[in-house]
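Beneath this line is the structure, given in structure tokens, with notes to follow.
The values are calculated or read from the model by the stated rules, or taken from the named source; none is laboratory data. In this text the structure is predicted, and so the values were computed from the model without any measurement. Cβ: placed from backbone, ideal geometry, glycine included. Neighbour counts: every protein chain shown.
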Amino acid sequence: MPRRLENDRWLFGVTMTLCLLGAVMIFSASAITAQHQYGHSYIFLLRQTVWLEVGLAGMFALMRMDYHRLREPAVRRIVERLCGLSPAAIHELACYVDELERNDVLDQDRRIQHRVAQ
């Protein structure tokens, strides 16, 4: 009979607690800044939540995978390419989203100034 791995549950619980506390701290530290810059106080919390979900999905996928398969050259190359492409792709996506948000905030400011001027 396989031994019950109680330490894994503790480790998972502590990791989730730290992730959730981190998300709360990010929200409390950035809500006012986000409201002024982007018009939405939850934007950084939403970004953190998305990355938390991506990380959890990767963790669960790797939990179900036999770690010996990671030694295969094909799998190693796929992981290397994904890790090599993701910083550039993430940066481009972040710049595009920031530009869209800035334009949306500028459009809102222009509409408000136009209303005030009338």
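Just give me the residues in the range 35-60 being outside any helix (DSSP H, G or I) and in contact (Cβ under 8 Å) with a residue 40 or more places away in the chain, in sequence order. Correct list: 39 only. Checked against the criteria, residue 86 counts as surrounded by 10 or more Cβ atoms within 10 Å (Cβ to Cβ) and at pLDDT below 75.
Kindly indicate whether residue 110 is surrounded by 11 or more Cβ atoms within 10 Å (Cβ to Cβ) and either assigned by TED's automatic domain parsing to the domain that holds residue 15 or modelled with pLDDT under 75 (or both). Give the steps one after another, and end with the answer.
Working: surrounded by 11 or more Cβ atoms within 10 Å (Cβ to Cβ): no; either assigned by TED's automatic domain parsing to the domain that holds residue 15 or modelled with pLDDT under 75 (or both): yes.
So residue 110 fails the test.
Among the residues of the range 61-79 satisfying the criterion of being part of a helix (DSSP H, G or I) and not aliphatic (A, V, I, L, M), which is farthest from residue 16 (Cα to Cα)? Step through it out loud before you land on a result.
Restricting attention to the range 61-79, the residues satisfying the condition of being part of a helix (DSSP H, G or I) are 61-63, 67-71, 73-79.
Of the ones still in play, those that are also not aliphatic (A, V, I, L, M) are 67-69, 71, 73, 76-77.
Numbers: 67: 22, 68: 26, 69: 27, 71: 28, 73: 32, 76: 28, 77: 30 Å.
Only one residue tops the list, namely 73.
Yes or no: the range 61-70 includes at least one residue that is free of Cβ contacts under 8 Å to residues at least 40 places away in the same chain, surrounded by 12 or more Cβ atoms within 10 Å (Cβ to Cβ) and on the phi < 0 side of the Ramachandran plot. No: zero hits. Kindly establish whether residue 50 is within 27 Å of residue 37 (Cα to Cα) and at pLDDT 75 or above. Answer is yes for this residue.
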